[in-house]
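Heads up, the thing below is written out as structure tokens.
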Amino acid sequence: MQRKSAASALAVGASSLGLIMGMAPDAGAVATTSHSKPYSATVAMWSKPLKRCVYVKLTGRIEFKHYYWQMKGAKDHAYTGVKLKDPSMTATTYTSCSGGKRAKLTKLELTQRWYESTKCKMNAKVAVGVWSVSVTPTVECGKRKAATRATTYNDTLWKYAQSNSGRPASFDGTVRVSLKSEKLCLSARPEVTAYVKGKSDSWNKTVKVCVKR
């Protein structure tokens, strides 16, 4: 059985650089900067048949370039050069989602999928390796290509970690935003299939991670 819900997380942090498709800095550009901001989001997934609560935590950084310019008195913002850095995913298991004791699983399948959800325009790309691009049904964008990493653990544990170093996923293109919103948002779709001996249960949720310059 699968259940869908949404959670949100706002990232924090900063740094500097940038340039956008065809927009020259002398065309009224005010500032071009690059940033690296950390994100952290946790969702809980309860399984009645397994009598387990699986907490999934996503951590890492979002790197991006922000371009802010002014033309004929109008101000505009845009984001480009978006990358995921060190996007890790951990799962911990308890007997309850409100406290409870540590509880083991006999097997776990962990998947994280990422796509841009501000305007649903950027295209996901991955480096050669364990990440892939797959078409994913999404809450905000319909079917989108998402940067995907899936891992299967055949160990009896209460805690599992999917570690990813470097910049395995990026998003091509440019997203222009208004002065009011000014946010760049990516969405993560963590998916879990948990096993306790002969029983199994599956979930997926949507986590929106938004950053600002």
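The values are calculated or read from the model by the stated rules, or taken from the named source; none is laboratory data. Remember, it's a predicted structure, so these values are computed and weren't measured experimentally. Ideal geometry is used to build each Cβ from the backbone, glycine not excepted, and the neighbour counts take in all protein chains shown.
Structure data summary
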quantity	calculated
Residue that is hydroxyl-bearing (Ser, Thr, Tyr), at pLDDT 95 or above and farther than 20 Å from Cys185 by Cα, where the choices are Thr42, Thr92, Thr59	Thr92
Within segment 49-127, strands (runs of 3 or more DSSP E) holding 1 or more residues that are free of Cβ contacts under 8 Å to residues at least 40 places away in the same chain and among the aliphatic types (A, V, I, L, M)	74-94
Count of segment 59-75 residues which are in contact with a strand residue (DSSP E or B) (Cβ under 6 Å, 6 or more places away or on another chain) and over 14 Å from Lys212 (Cα atoms)	4
Given (1) under 15 Å from Cys185 (Cβ atoms); (2) of a type outside the set (Ser, Thr, Tyr); (3) touching a residue at least 40 places away in the same chain (Cβ under 8 Å), index of the condition Arg144 fails	(3)
Scan of segment 147-169 for residues that are more than 17 Å from Glu191 (Cβ to Cβ) and polar (S, T, N, Q), ordered by number	Asn154, Thr156, Ser163, Ser165
Unmet criterion (only one of (1) of a type in the set (Gly, Ala, Ser); (2) outside any strand (DSSP E or B); (3) within 28 Å of Tyr79 (Cα to Cα)) for Ala146	(2)
Search result, residues across segment 175-213 that are over 30 Å from Lys51 (Cα atoms), among the hydrophobic types (A, V, I, L, M, F, W, C) and not in a loop (DSSP other than H, G, I, E, B)	Val175, Val177, Leu184, Cys185, Leu186, Cys210, Val211
